Amino acid sequence: MKTLVINGVSHQVEAPDDMPLLWVLRDVLGMTGTKYGCGIAQCGACTVHLGDEAVRACQTTMDMIDGQPITTIEGAAMNAIGAKVQAAWLEKEVVQCDYCQSGQIMSAIALLSANPKPTDADIDDAMAGNICRCGTYVRIREAIHAAASA
């Protein structure tokens, strides 16, 4: 049994060391905001924060967590940057099909936490690992700039 601190709440979890965090969140804890996309860390749909770092939950196993706090889309608005990003996402009407958006938002929060005033190139670089099949990249960039200015 391991203790995971997710969005500030401790959870006792019985899961093998090689189980991906994504399945712990979705199947063990019933937190379905983090999405399964490709399963090989290429699309970014499963992005969460492990400590201060954006990671792919599909490739982050239980033994890699090592006591670090986990933040998911369900806890994204718990800090000021996350709240600004989510408000900007609504203001700019970023969402189309919505499937990739939780991962997009988590990557945007990580970007703005490290770089509060990113350029277009900074945004493109930081968000390159998050794929949106609807092509909302222009609105994502606008929302990140809006959150940075808020």
Residue within region 115-127 that is out of contact with any Phe, Trp or Tyr (no Cβ under 8 Å at 6 or more places or on another chain), closer than 19 Å to residue 6 by Cα and not aromatic (Phe, Trp, Tyr) present: no
Of everything in region 60-71 that's of a type outside the set (A, V, I, L, M, F, W, C) and over 15 Å from residue 15 (Cα atoms), which residue is least open to solvent (accessible area, probe 1.4 Å)? 71
Failed condition for residue 102, given (1) open to solvent by less than 20 Å² (accessible area, probe 1.4 Å); (2) in contact with a Gly (Cβ under 6 Å, 6 or more places away or on another chain); (3) assigned to a loop (DSSP other than H, G, I, E, B), with all others met? (3)
(1) β-branched (Val, Ile, Thr); (2) open to solvent by 50 Å² or more (accessible area, probe 1.4 Å); (3) touching a helix residue (DSSP H, G or I) at 6+ places or on another chain (Cβ under 6 Å): which one isn't true of residue 94, the others all being true? (2)
Can you tell me which residue is most open to solvent (accessible area, probe 1.4 Å) among those in region 117-135 that are in a loop (DSSP other than H, G, I, E, B) and either touching a residue at least 60 places away in the same chain (Cβ under 8 Å) or within 20 Å of residue 37 (Cβ to Cβ) (or both)? 133
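Hey, among the residues in region 53-80 that are of a type in the set (Gly, Ala, Ser) and assigned to a helix (DSSP H, G or I), which one's farthest from residue 116 (Cα to Cα)?
Of the residues in region 53-80, the ones of a type in the set (Gly, Ala, Ser) are 54, 57, 67, 75-77, 80.
Now restrict to residues that are assigned to a helix (DSSP H, G or I): 75-77, 80.
Working: 75: 20, 76: 16, 77: 16, 80: 12 Å.
So, considering only residues that are of a type in the set (Gly, Ala, Ser) and assigned to a helix (DSSP H, G or I), the one farthest from residue 116 (Cα to Cα) is 75.
Among the listed residues 138, 95, identify the single one that is over 20 Å from residue 5 (Cα atoms), of a type in the set (Val, Ile, Thr) and assigned to a loop (DSSP other than H, G, I, E, B). Explain how you work it out, then say what you get.
On the way: 138 fails: assigned to a loop (DSSP other than H, G, I, E, B).
Being over 20 Å from residue 5 (Cα atoms), of a type in the set (Val, Ile, Thr) and assigned to a loop (DSSP other than H, G, I, E, B) holds for just one of 138, 95, which is 95.
The values are calculated or read from the model by the stated rules, or taken from the named source; none is laboratory data. Quick caveat, the model's predicted, so the values are computed rather than measured. Using ideal geometry, Cβ is built from the backbone for each residue, glycine included, and neighbour counts are taken over all protein chains shown. For accessibility, only protein heavy atoms count, side chains too; no ligands or nucleic acids. Shrake-Rupley method; radii C 1.70, N 1.55, O 1.52, S 1.80 Å.
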